[in-house]
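The values are calculated or read from the model by the stated rules, or taken from the named source; none is laboratory data. Keep in mind that this is a model prediction, so the values were computed, not measured. So basically every Cβ, Gly included, is an ideal-geometry build from the backbone, and we count neighbours across all protein chains shown. Side chains are part of the model used for accessible areas, which takes the heavy atoms of the whole protein and leaves out ligands, DNA and RNA. Shrake-Rupley method; radii C 1.70, N 1.55, O 1.52, S 1.80 Å.
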Amino acid sequence: ENSDLKDASPTAPVPTQRFRPIAAPRMPRAVLLDGGMGHQLRAMGIKIEGPRGSMQRFLGVAMANSTQSELVTAAHLSFIDAGADVITTNNYAVVPNCLALCADFKGNLGEKVKELVADAGKAARAAVEQRPDRKVLVAGCLPPLAESYRTDRVGSFEANVAQYTLIAESIAPYSDVLLCETMSTPDEARAAATAASKIGKPVWVAWTLDKNDPVLMTGESLSAAVAALEGLPNIKAILFNCSYPEIVTKAIAILRKEPSLPAGVVLGGYANGFSQTESGDGLSKEYRDISPEEYWGSFAKQWIDDAGDGAIVGGCCGIFPPHIAMMRAGIDLSHGKGAVTSRAML
């Protein structure tokens with residue numbers, strides 16, 4: 001009941017607006033991604049072997065979409081139950097360069113890519129359908145077409161667009177957004193985003209960064225990341241992924257101030273938990289000691305502060321469901337519970 005109206009005398013002017021104390025400002029609502037699917041699947045029994053970043057390393061993860069689809073769905077559910085708003089399809093390694101290493105496979109690589117990409121989409125959708133009350137979205141993955149982090153292995157623009165078009169068209173029926181991730185060069189990102197943008201769904205582009213400085217793997221500044229996407233429709237978010245969390249923190253703060261950043265583009269990041277991000281053997285320790293509390297309190301919370309409205313945050317390789325659960329708790333405490341409202345979803 002409006003006490004202002006109740007206490008007013010018959011001759012007193014009736015207030016036209018009820019004034020209330022100004023609430024303390026709240027941080028913007030954030031969107032929570034999942035963590036590293038390949039590494040979660042390894043924790044659940046899928047074999048991962050070979051140098052980090054190599055094609056053969058995740059061949060088993062790629063084939064699991066068809067041979068162990070229920071396990072892939074279970075891995076997605078582990079992130080959904082931890083609180084993820086968005087899960088990414090498990091087709092990071094479903095590219096011709098990887099499938100060509102499968103000794104048991106003979107036939108048309110393009111058709112096999114389409115088949116396994118669709119299987120990845122179905123596994124993600126199955127997980128979402130098992131948690132209908134959560135209203136989780138699916139991000140369809142457009143990954144590097146060769147080894148991760150290897151700028152020297154990026155193919156020609158025309159060839160990349162052709163392969164990315166195949167992947168985009170195959171994953172789109174199962175996706176709410178398309179995620180071009182771990183992009184290492186401007187040409188690579190533009191090729192992936194060109195193919196994705198033709199689908200007509202929101203496109204997110206995530207860049208992997210130099211291990212020492214907040215620049216692209218080519219050494220170019222972050223303004224080159226923005227310029228690479230100029231003129232393409234449906235680009236809704238620019239993110240940083242599969243990099244040290246400290247570097248992601250610096251990169252988001254820099255990009256937020258970039259004059260060429262288009263209005264309305266959402267920012268964010270999802271770092272890895274590696275002890276180093278280089279490809280190669282001889283690593284005595286793969287994961288750094290980064291607890292869920294540290295990942296949220298020292299990094300992800302800052303990413304949300306710096307990225308602003310509708311920030312997208314999550315984890316990549318070596319970030320597991322407990323990390324996502326801690327982020328969920330932190331976001332809900334700082335931002336309040338409720339439906340995700342990021343412009344990147346539109």
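With loosely packed, with under 14 Cβ neighbours inside 10 Å and either under 18 Å from the mean Cα position of the chain (by Cα) or modelled with pLDDT of 90 or more (or both) as the only criterion, which of PRO262, PRO245, PRO292 stands out? Working first, answer last.
Working: PRO245 fails: loosely packed, with under 14 Cβ neighbours inside 10 Å; PRO292 fails: loosely packed, with under 14 Cβ neighbours inside 10 Å.
None of the others qualify; the one that does is PRO262.
Residues are listed down the side, and each one gets a yes or a no for (1) modelled with pLDDT under 95; (2) surrounded by fewer than 24 Cβ atoms within 10 Å (Cβ to Cβ); (3) among the basic types (Lys, Arg); (4) under 24 Å from ILE290 (Cβ atoms):
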{"residue": "ALA206", "(1), (2), (3), (4)": "no, no, no, yes"}
{"residue": "VAL226", "(1), (2), (3), (4)": "no, yes, no, no"}
{"residue": "ASN234", "(1), (2), (3), (4)": "no, yes, no, no"}
{"residue": "PHE240", "(1), (2), (3), (4)": "no, no, no, yes"}
{"residue": "THR249", "(1), (2), (3), (4)": "no, yes, no, yes"}
{"residue": "GLU258", "(1), (2), (3), (4)": "no, yes, no, no"}
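When segment 88-141 is filtered for residues that are closer than 21 Å to VAL313 by Cα and of a type in the set (A, V, I, L, M, F, W, C), the ones remaining, listed by number, are ALA124, ALA127, VAL128, VAL136, LEU137, VAL138, ALA139, CYS141. All of (1) at pLDDT 95 or above; (2) open to solvent by 40 Å² or more (accessible area, probe 1.4 Å); (3) assigned to a loop (DSSP other than H, G, I, E, B) hold for GLN276 with one exception: (1).
The set of residues in segment 58-77 that are under 24 Å from ILE312 (Cβ atoms) and open to solvent by less than 30 Å² (accessible area, probe 1.4 Å) comprises VAL61, VAL72, THR73, ALA75, HIS76, LEU77.
One residue stands out among those in segment 78-113 that are charged (D, E, K, R) and modelled with pLDDT under 95: the one that is surrounded by the fewest Cβ atoms within 10 Å (Cβ to Cβ), which is ASP104.
Residues of segment 127-166 that are of a type in the set (Ser, Thr, Tyr) and either closer than 25 Å to LEU71 by Cα or modelled with pLDDT of 95 or more (or both): SER148, SER156, TYR164, THR165. Can we say LYS122 is surrounded by fewer than 21 Cβ atoms within 10 Å (Cβ to Cβ), closer than 16 Å to ALA62 by Cα and modelled with pLDDT of 95 or more? Here the answer is yes, as LYS122 does meet what is asked.
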